[in-house]
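One structure below.
The values are calculated or read from the model by the stated rules, or taken from the named source; none is laboratory data. These numbers come from a predicted model, not from an experiment. All Cβ positions, glycine included, derive from the backbone under ideal geometry; neighbour counts span all protein chains shown. Surface areas here come from the heavy atoms of the whole protein model, side chains and all, with no ligands, DNA or RNA. Shrake-Rupley method; radii C 1.70, N 1.55, O 1.52, S 1.80 Å.
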Amino acid sequence: MRDGERLLWVVAVVGEDVYGFVPETGNFHRNEGLRGDFFVEQELQYEQITVSRAKALIEAGLDPLDPDVMADHLTEWRADPKAFVPEQVFATVVADLR
């Protein structure tokens, strides 16, 4: 997901849920804000990428989230018992494509 030229998130859409990769946790977390934008508002730009490209972006290191703006979310995500490691999300996305 981008805002103009700036990459903001690596996003996985699985069914009706939207997960965003959070560099600070190294995991994907369900994200209602991204879900609302993806399915309704569409204020940001989405580019479909392959699992290989998503892995490469994550391995290259994504910019950390703004700790002031995202403080509450980061606290939640750090304690998220339902977080998914990237490989779980990639396997789910691949299975969903078949």
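Listed values, structure above:
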| item | result |
| --- | --- |
| Relative packing of 83-90, 56-63, 17-24, which averages over residues the other C-beta atoms within 10 Å, highest first | 17-24, 83-90, 56-63 |
| Surface accessible to a 1.4 Å probe, T92 within the full protein complex, Å² | 60 |
| Assigned charges on the beta-carbon of Lys, Arg, Asp, Glu; the chain dipole about Cα centre (debye) | 480 |
| For the chain: accessible area per residue (Å², 1.4 Å) | 67 |
| Rounded to the nearest 10 Å², the accessible area of R78 at probe 1.4 Å | 150 |
| Convex hull of the chain built on C-alpha atoms - directionally averaged projected area, nm² | 6.2 |
| Protein-only accessible surface order, largest first, of H29, H73 at 1.4 Å | H73, H29 |
| Of all accessible heavy-atom area on the chain, the percent that carbon and sulfur account for (1.4 Å) | 49 |
| Förster-model FRET efficiency, 25 Å R0, D72 and V14, C-beta, rounded to 0.05 | 0.55 |
| Accessible area in the full protein assembly, largest first, 1.4 Å probe, for R53, R2 | R53, R2 |
| Label point at Q45 placed 7 Å out along Cα→Cβ; residues across region 1-29 whose backbone nitrogen lies under 13 Å | 1-8 |
| Solution diffusion estimate, µm²/s, Stokes-Einstein, region 15-70, Kirkwood Rh from C-alpha pairs, 20 °C, viscosity 1.002 mPa s | 170 |
| Spin-label model distance (nm) - L57 vs V93, 7 Å beyond Cα toward Cβ | 0.7 |
